[in-house]
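Before any comments, here is the structure.
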Amino acid sequence: MQQGTLMRKVKSKSWKKQRYFKLQDDCMTIWYQSKRTGKTESAFSISDVETVREGHQSEVLQSLAEEFPPERCFTIVFYGRRGNLDLIAGSADEAQCWVQGLRQLIEPRFFPLTSALVSCTWIRDWFQKADKNKDGRMNFKEAQRLLKMMNVDMNEDHALRLFQAADKSESGTLEGEEFVLFYKALTQREEVLSLFQDFSEDGKKLTLLELVDFLRQEQLEDEGTEELAMELIDKYEPSETARARHVLSADGFLMYLCSPEGSIFNPRHQALWQDMSQPLCHYFISSSHNTYLIEDQICGQSSIEGYIRALKRGCRCLEVDCWDGPNGEPMVYHGHTFTSKIPFREVVSTLGKYAFKVGHPSLGAGCRGWPSAGGRGTWLQYGAAVGPWRGSGAYSLSPTLQELKHKILLKAKKIGRLEDTLDGPGDEAPDVSDDDNGAEVEEEKRRAKVVHPSRGTQHGSALQKDRESLAQALSDCVIYCKNVSFRGFQEARSHSRPSEVSSLSEAKARKLIRDAGNEFVRHNTWQLTRIYPSGMRTDSSNYNPQEMWNVGCQIVALNFQTAGMEMDLCDGLFSQNGCCGYVLKPPFMRDEETIFNPSDPGSWEGPGPITLTIQVISGQQLPKVANSKDGAIIDPLVRVEIHGVPADQAHQETKYIENNGFNPRWDETLQFQLHVPELALVRFVVEDYDKTSRNDFVGQFTLAFTNIKPGYRHIHLLSKDGTSIPPSSLFVHICITE
């Protein structure tokens, strides 16, 4: 990668400043400085970079498309909420040099050494931080500073013994391999070594048969165990001699336990493993609310970045609110608020690039504000770029997910019935029902005294106005997701169709769950239901999606921009099945005659309760609390939460460990009874204990109970934003009994 490259840093169409960008010698940090003053403006770590996008893939760069070709443009995307960095290189070759170089640096590479599975950049980063005087060596004072940074409060005498043992040259400093030895001593895993020795006859290696015994007895691997043992030795044993002898060393054993095969998440469920030939209503669908917003609901910024992030997260149901813009061009924003606006054409272009990264259908939810007659032609012109799919008589009124693959479904108002679109015009009066009529409008009237023009009631002049404003061509784009108002389960069963969908506010949904739980479950076996956040959530907060999934609601729309427990549950549910955004509902939620009621699981003839036993053994290299003071060391505890039907809701936590975020040991056992494990999500949360105030968040990991692998497992923690924080992890033992 070139260093000291002159590029344009772009913030808007009119703000383009030339800056020198340079990769520092540590290959970990990039700084940039002003061309005019020579003063360094900022720097960022490679570990902060999530991805690099080529071309015009941001609003700012799209606005400059006529001035700068895509070959010279790229965007650096950071983890979390940090803003993207849009850059324009002096030439296409320079842009490619930076794009390819950055991509190589941010790819995970593992240090094939010792007792810890750590990335090369991670260990180098620690050395750079500890080497205060930048002489390429580390003295003991710098080593003590390193311990503080690594979140461990170690006895000074013990730390000195480790330091001196690693100082083979007896120079009083550590460099190169000596630092690796010191790091190895710090990361020694006594609990793993003890487990290794329980199955090793000589305490030094696991033979092939000993490894098979461990896999069968502890990991409950019962199919192809010998073949699996051979694969693990070939993949994770660092010694060529040991591999040739088909044995696994202690280092190889630890590397296996820290690998995807040793994770709590069943690796078979990370790929597409569920039946994808069921009707759409038989799946939970990853869904976002006001996808274009990346901040609050009143004054927040609208950005195509919201769509990119949601789609990359596996979201399949997006919201596009279209309103009239200048010169007849439709704009996307939160109507009747002060949010910023983005052109509809940019949204469509973004969907074209990202919608089918996982191949399955996307649902376009929205149209709270239809464009006027002048704007509809433009709307349809841009829509043609996405390709609205028109059905024919050969299609079912309730197609399977597989049949809808690579399609974009528009969820909106529609004139007439689906049958009319498939077979030609019928005699039925136009139906322009809108999911935003009814309860949501009345709530907004009471709250803000503002009624959206397209949200009028279904009576008199308002209905006539809607009929006049809804273009037939636009209506014909709506095939399998026609909005209809919800007027009760009996009314829906008598008059609605599987191709229709109703939207309910979270408050309305909770009332139905409370009053008619089983009817709600039955309704969702044959028709889609969308749930949206209360209009009172102007801060873009979220409701708990679990209670909606408990009755089989498919489209549970959340504000993806807001981190927290609610989005952890969403990510946890949809992290399976290839992250495609669709999760097949349990069989008892696909049966139209089901008697299941989440509020009364005892009335349902299920398999009986299951006992989940979790031994929380240890933690490794837990991160410090954000914005903590220098030298502060966390007092970590682990809380395990069960999210499911009301009878299964529970949480338990370990004691806290004082002043040790580096390698805390808990060795505590937590136990839970699950009556409906098919709907349960398990959330592991690490917090920094504080006796005088609320505990601080450290990390979490959430997954569906059905994706848990029993045995000795590592849990690789995620940040509040859902991004990985290697090498932070928990080591646990999982036991599941009936």
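The figures follow:
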| item | result |
| --- | --- |
| Among 340-351, 601-612, the order from most to least packed when residues are scored by Cβ within 10 Å on average | 340-351, 601-612 |
| For the range 190-262, accessible area per residue (1.4 Å probe, heavy atoms of protein chains only), Å² | 51 Å² |
| Hits among lysines - C-alpha to C-alpha of LYS13 under 19 Å, sequence gap 8 or more where chains match | LYS341 |
| Per-bin percent of Cα-Cα distances, the range 190-262 [10 Å] | 22, 61, 16 |
| The range 506-639: Rg to Rh, with Rh as the Kirkwood radius over Cα pairs | 1.06 |
| Where the Cα pairs of the range 607-737 fall when distances are cut into 10 Å bins, in % | 13, 45, 31, 10, 1, 0 |
| Convex hull of Cα atoms in the range 5-110, direction-averaged projection (nm²) | 6.8 nm² |
| Loop GluC sites (Glu not before Pro), the range 499-587 (other Cβ atoms within 10 Å of the site Cβ: 15 or fewer; DSSP) | none |
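The values are calculated or read from the model by the stated rules, or taken from the named source; none is laboratory data. As the structure is a computational prediction, the values presented were derived from the model and not from experiment. Note that each Cβ is placed from the backbone with ideal geometry, even for glycine, and that neighbours are counted across all protein chains shown. Quick note on the areas: whole protein, heavy atoms, side chains included, nothing else; ligands and nucleic acids left out. Shrake-Rupley method; radii C 1.70, N 1.55, O 1.52, S 1.80 Å.
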